[in-house]
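Since the structure comes first, as structure tokens, the remarks are kept for the end.
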Amino acid sequence: MERLSFSALTMAILLHSVMGISYYFLLARCSPAPLLGSWLFVASIGAVLQVVRIFPHWCRNCSSLCRLTLEMGICLLTLDLMLTKLWCRIEALCHCAIIGILQQLVTEEYTFESCEYWLLGITTSIIGACLLWLTLWATALPARLRLNYINWQTNVSRSVKSNICHLAFGPSSMRNSTAIQCQDSMQSFAS
């Protein structure tokens, strides 16, 4: 299985989020929230797509243009599905909670709309940033585990070697004193 190419993922995110060629950005706006939270969510989905292995080995035989198009299509489909099915629910839940709170506190229409927009923007941006941070932490976890395993393996081999030396030759302080005694006895024997 092979990972998605970085160029296909970048082009898919540019087409999807920057140019707005997407079902989510064209038709399925779930709430009046600013786009910052959804962009952070798209970045977290991009981080997951970069790490996940999708294509089998037989896909290596495809031409580069065919493969790039296929990868972009998978990325665009995944981004749209995740935004419309998951992010829309998060935004709708936040929107419903904020309206419920603001209806109790604010009576003027202009103040209500302004507070709704800013609270929804702050809330969805914080949720998107948290999801991005969690995704980046989780996608780096295999590399950290591999590094920790290598460090553990190195430490274990060092300690095994030192324990074998300790068993065979005694403690290091005894080895030093034994070597000095050996040198003294050789000098006395030579004289």
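The values are calculated or read from the model by the stated rules, or taken from the named source; none is laboratory data. Source: prediction; values computed, not measured. Methodologically, a virtual Cβ is constructed for each residue, glycine included, from the backbone with ideal geometry; neighbour enumeration extends over all protein chains shown.
Being under 17 Å from the mean Cα position of the chain (by Cα) and either assigned to a helix (DSSP H, G or I) or at pLDDT 80 or above (or both) is the requirement here; does Ser44 meet it? Walk me through how you get there before you give the answer.
Details: under 17 Å from the mean Cα position of the chain (by Cα): yes; either assigned to a helix (DSSP H, G or I) or at pLDDT 80 or above (or both): yes.
Taking the combined requirement at face value, the residue satisfies it.
Which of (1) surrounded by fewer than 19 Cβ atoms within 10 Å (Cβ to Cβ); (2) modelled with pLDDT of 80 or more; (3) out of contact with any strand residue (DSSP E or B) (no Cβ under 7 Å at 6 or more places or on another chain) is the odd one out, the single condition Ile21 does not satisfy?
(2)
Out of (1) surrounded by 11 or more Cβ atoms within 10 Å (Cβ to Cβ); (2) assigned to a helix (DSSP H, G or I); (3) without any contact (Cβ under 8 Å) to a residue 60 or more places away in the chain, what's the single condition that is false for Asp80?
It is condition (3) that Asp80 fails.
Within segment 88-114, restricting attention to residues that are modelled with pLDDT of 90 or more and either outside any helix (DSSP H, G or I) or touching a helix residue (DSSP H, G or I) at 6+ places or on another chain (Cβ under 7 Å) (or both), which residue is surrounded by the fewest Cβ atoms within 10 Å (Cβ to Cβ)?
Ile99
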